[in-house]
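The values are calculated or read from the model by the stated rules, or taken from the named source; none is laboratory data. As the structure is a prediction and not an experimental result, all values here were calculated from the model. Positions of Cβ are backbone-derived with ideal geometry, glycine not excepted, and every protein chain shown enters the neighbour counts. Accessible surface is based on the protein model in full, side chains and every heavy atom, while ligands, DNA and RNA are left aside. Shrake-Rupley method; radii C 1.70, N 1.55, O 1.52, S 1.80 Å.
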Amino acid sequence: MHALCRAVSPAIADCELSFIGREAIDAALAQAQHLDYISALTRLGVSVTELPAEPDLPDSVFVEDTVLLFDELAVLTRPGAESRRAEVDAIAPAVQAVRKQVERISAPSTIDGGDVLRIGKRVFVGLSQRSNQSAIDQLADILKPFGYSVTAVPMQDCLHLKSAVTALSDDTLLINPDWVDAAYFKEYQQIRVDEHEPHAANVVRIDTSILMPLSFPKTQAIVEAAGYAVTAVDVSELQKAEGAVTCCSVLFTQWAI
Ligand code: GLY
């Protein structure tokens with residue numbers, strides 16, 4: 001497996017925030033935690049390409065929001081927050097190095113990669129403050145020739161769909177049903193986050209291993225009890241920037257095809 005990551009911007013304290021309050025962010029600690037995150041990915045067998053920090057783009061460590069990487073093609077997004085739109089041009093050269101076909105969501109539509117949950121050929125997209133129906137329609141048109149089905153999912157009270165639900169395997173999800181209607185995922189087994197850890201549904205799946213934040217021990221225990229090997233990383237400073245573990249990488253299985 002491969003990943004694109006980008007070093008933490010020294011301006012991360014100026015990040016966008018939507019559903020959490022602003023707290024002081026220690027940029028140096030965020031950078032150290034991000035290096036630990038990359039080390040954890042590497043230990044789990046991921047080959048990481050680390051792009052340089054972007055001093056003028058506070059949220060640019062959250063690369064997941066800028067591009068959707070499928071086996072067959074890449075789709076550059078148009079992030080919902082205007083301050084984040086330049087991140088797309090910043091990552092485009094790295095994307096063109098790994099995919100021959102690169103499409104792009106066009107204005108005025110907006111979509112953040114954090115709203116896009118792909119499980120096999122199913123693509124679920126959150127109708128969030130950042131992603132709208134017209135972008136979802138564009139994505140569905142782009143992906144249709146490749147056999148993907150795209151489903152828009154209403155959600156509330158959190159930034160991205162993947163704040164509320166991610167996949168532990170091809171048939172099992174980790175979900176906070178307070179933030180998204182679990183009925184949209186009725187064909188999957190569902191494991192609920194601990195009720196005291198609403199932000200715990202965002203995990204990275206690497207084969208049969210799960211990478212998740214250190215700050216959700218109750219949900220970690222639930223996931224481990226379900227049979228998954230969990231690696232926990234301290235991402236407290238990135239969480240203050242309303243980030244999580246999925247948004248710090250763009251994962252893909254094959255280099256250029
Ligand atoms: N700070 C992450 C975001 O709002 O996009």
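Quick notes on this structure:
- Residue 249 meets the conditions (1) open to solvent by less than 10 Å² (accessible area, probe 1.4 Å); (2) more than 16 Å from the ligand (Cβ to nearest atom) in every case but one. The failed one is (2).
- Taken over segment 3-18, the criterion of being near the ligand (Cβ under 10 Å from one of its atoms) and buried (at least 22 other Cβ atoms within 10 Å of the Cβ) is satisfied by 12, 15.
- Test for residue 95: is it open to solvent by less than 10 Å² (accessible area, probe 1.4 Å), farther than 30 Å from residue 169 by Cβ and of a type in the set (A, V, I, L, M, F, W, C): no
- Residue within segment 43-62 that is in a helix (DSSP H, G or I), under 16 Å from the mean Cα position of the chain (by Cα) and buried (at least 23 other Cβ atoms within 10 Å of the Cβ) present: no
Residues checked against (1) surrounded by 17 or more Cβ atoms within 10 Å (Cβ to Cβ); (2) closer than 26 Å to residue 167 by Cα; (3) away from the ligand (no atom under 14 Å from the Cβ):
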| position | (1), (2), (3) |
| --- | --- |
| 66 | yes, yes, no |
| 70 | yes, yes, yes |
| 76 | yes, yes, yes |
| 79 | yes, yes, no |
| 112 | yes, yes, no |
| 117 | yes, yes, yes |
| 120 | no, yes, yes |
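- Residues that are open to solvent by 40 Å² or more (accessible area, probe 1.4 Å) and out of contact with any Gly (no Cβ under 8 Å at 6 or more places or on another chain) were ranked within segment 122-131; the one that is nearest to residue 69 (Cα to Cα) is 122.
- Of the residues making up segment 142-167, those that are in contact with an Asp or Glu (Cβ under 6 Å, 6 or more places away or on another chain) and more than 19 Å from residue 103 (Cβ to Cβ) number 3.
- For segment 171-184, a tally of residues being in contact (Cβ under 8 Å) with a residue 40 or more places away in the chain, of a type outside the set (A, V, I, L, M) and more than 17 Å from residue 211 (Cβ to Cβ) returns 1.
- Some residue of segment 86-100 being of a type in the set (A, V, I, L, M) and within 11 Å of the ligand (Cβ to nearest atom): no
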